[in-house]
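Peer 1: Can you read through this structure? Questions will come right after.
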């Protein structure tokens with residue numbers, strides 16, 4: 001998820017400006033810290049928000065609450081050769097593609 005650094009910088013500025021607008025300019029002067037304002041509005045920092053969205057999508061796919069176009073991209077790994085402690089955890093199968101276009105179509109990310 002290398003695109004996060006460039007997008008988060010742009011989105012962070014937008015989020016800060018929107019938070020100042022919501023709480024009105026007189027309540028939050030321009031050079032005051034924005035973190036307490038974001039906390040009062042119950043807004044997550046940008047990177048935490050993106051990670052939360054990814055985790056939520058994976059949760060929905062695993063529990064059958066996601067749309068079909070997402071559910072068909074992920075599947076659980078069933079049956080293990082050895083009985084290990086990791087058997088109780090859920091493992092996902094990463095789709096493999098034969099073309100370079102297909103490799104770029106699906107970025108792998110998840111909790």
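Peer 1: Quick test of your reading of the structure: residue 62 fulfils all but one of (1) out of contact with any strand residue (DSSP E or B) (no Cβ under 8 Å at 6 or more places or on another chain); (2) modelled with pLDDT of 80 or more. Name the failing condition by number.
Peer 2: Evaluating residue 62 over (1) out of contact with any strand residue (DSSP E or B) (no Cβ under 8 Å at 6 or more places or on another chain); (2) modelled with pLDDT of 80 or more leaves (1) as the failure.
Peer 1: Continuing with the same structure: Out of the residues in region 30-39 meeting the condition of being more than 22 Å from the chain's Cα centre (by Cα) and outside any loop (DSSP other than H, G, I, E, B), tell me which one is nearest to residue 15 (Cα to Cα). Lay out the reasoning, then the answer.
Peer 2: Initially, region 30-39 is screened for residues more than 22 Å from the chain's Cα centre (by Cα), giving 30-34, 36-37.
Add one more test, that the residue is outside any loop (DSSP other than H, G, I, E, B), and what stays is 36-37.
On the way: 36: 13, 37: 11 Å.
Going through the qualifying residues, I end up with 37.
Peer 1: Could you list all residues from region 47-62 that are surrounded by 13 or more Cβ atoms within 10 Å (Cβ to Cβ) and either touching a residue at least 40 places away in the same chain (Cβ under 8 Å) or closer than 25 Å to residue 13 by Cβ (or both)?
Peer 2: Applying the first criterion (surrounded by 13 or more Cβ atoms within 10 Å (Cβ to Cβ)) to region 47-62 yields 47, 49-51, 54-62.
The answer is 47, 49, 50, 51, 54, 55, 56, 58.
The values are calculated or read from the model by the stated rules, or taken from the named source; none is laboratory data. Treat the numbers as computed from the prediction; the structure is a model and nothing was measured. We place every Cβ from the backbone using ideal geometry, glycine too, and count neighbours over all the protein chains shown.
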